[in-house]
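No value in this document is a laboratory result; all are computed from the given coordinates. Just so we're clear, the structure is a prediction, and the values are computed from it rather than from any experiment. Glycine gets a Cβ as well: all are built from the backbone with ideal geometry, and neighbour counts include every protein chain shown.
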Amino acid sequence: PGPAGESAAHLRRAAAECRGVSFAEETASESGQEDDEEDDVELAAPVINRFTRRASVCAEAYNPDEEEDDTDTRIIHPKTDDQRNRLQEACKDILLFKNLDPEQMSEVLDAMFEKLVEGGEHVIDQGDDGDNFYVIDRGTYNIYVKCDGVGRCVGTYDNRGSFGELALMYNTSRAATIIATSSGAVWGLDRVTFRRIIVKNNAKKRKMYESFIESLPFLKSLELSERLKVVDVIDTKVYKDGEQIIAQGDMADCFFIVESGEVRITMKRKGKQDVDENEAVEIARYTRGQYFGELALVTNKPRAASAFALGTVKCLVMDVQAFERLLGPCIEIMKRNIANYEEQLVALFGTNMDISDPSA
């Protein structure tokens, strides 16, 4: 299990300012400054966990189509009004919850429990079996991945974000270690409820989208299992005619694939962001199977262009965390496309607008 371990080197810079997770520069690895011996790669002194871990579950078979909704007793953790409000706020942007109906979402919120953490505490450890999915309420956290015996800090969470879903979805061990760097709190969702509601819901979505995802040329470099994981983490959004999808100059937190309809891409001349929209120049149109929004994630710069719906448009949306974790093998293809963008811009504006220069 290691999508995070394999792709982290490709896009660490891409997640700055986005969706609560920041990926560290390669030189930020504290482990590299330690002794080179594999026996000396302890990540941090663990704090005794107050929540009992489950026994091994990785070998369990699970078929979402066969599991009945009433197999397990509904779990409810009582909450105060303040806790409920904080939980709803923390969960409002979690992509895994986007496709749940109100009844399912209510059941998920009922089942979640608050877990207070202290600085230095390990929330999850790489190699352990998955027991809970976690949504961050508050606090800062480091993400460590151990590869070939060497532990490396590959990113951070800052008061928002979620983690721990892959081990529960695919019955694999934890792919990373999450260590609190301050006191804080996370919301946990138990494995049984997660699989009964979230995994089953995602299985329905997978049936709907897997053939479409498998047909996309730019994902051909991914293994079949990796392409199916893309299905599990995408959200869908529908835009009305003329609606703005992304705005030039905004910070990037998502990547888009057009499922249906047509998207118009426009760009304003550099240094003239205050001109009216009709001063923008159309540089491209995208239709089914084409993607946009990756440039800002690859270059770690604000959005270089704006995107508008032409007629009704339906897009598949992937947040920056999933983009970094799953699409690492596709980055070289995306970088080649940046060269094509630059050629278009030189033809239109006489300059490449510095779209691929992170220092510009």
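Where does the charge balance sit around residue 188 when Lys and Arg score +1, Asp and Glu -1, over other residues with C-beta under 11 Å from its C-beta? List each step's numbers first, then the result.
Values: positive: 115, 191; negative: 114, 131, 137, 190.
Value of the local net charge: -2.
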Which chymotrypsin sites (Phe, Trp or Tyr not before Pro) in the range 108-183 pass both tests, a DSSP loop state and at most 10 other beta-carbon atoms within 10 Å?
none
How long is the gain from residue 288 to residue 214 if the chain were fully straight, where each residue apart is worth 0.36 nm and the alpha carbon distance is subtracted?
25.3 nm
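Determine Rg/Rh for the range 106-149; Rg is computed over alpha-carbon atoms and Rh is the Kirkwood hydrodynamic estimate from the same atoms. Mind dumping the intermediate values first?
Details: Rg = 13.0 Å, Rh = 12.9 Å.
Radius of gyration relative to Kirkwood radius: 1.01.
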Simple SL model, points at 7 angstrom along Cα→Cβ for residue 80 and residue 114; separation in nm is 0.6
Sorted peptide list for 224-237, 80-93, criterion being average Cβ within 10 angstrom, highest first:
224-237, 80-93
Tell me, what is the FRET efficiency for residue 241 and residue 159 to the nearest 0.05, using R0 = 51 angstrom and their Cβ-Cβ distance as r?
0.90
Report the label-to-label distance for residue 225 and residue 183 in nanometres (one decimal), using points 7 Å from each Cα along the Cα→Cβ vector.
4.2
Reachable lysines from residue 240, Cα under 18 Å, same-chain residues fewer than 8 places away excluded?
314
When N counts the residues of the range 210-316, how does its alpha-carbon radius of gyration compare numerically with 2.2 N^0.38 Å, as a ratio?
1.13
Simple spin-label estimate for residue 204 and residue 172 in nanometres, 7 Å along Cα-Cβ:
2.6
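Using the alpha carbons of the range 61-181, what is the convex hull volume per residue in cubic angstrom, as a whole number? Please report the intermediate quantities before stating the final value.
Numbers: hull volume 15.4 nm³, N = 121.
Here the figure is 127 Å³ per residue.
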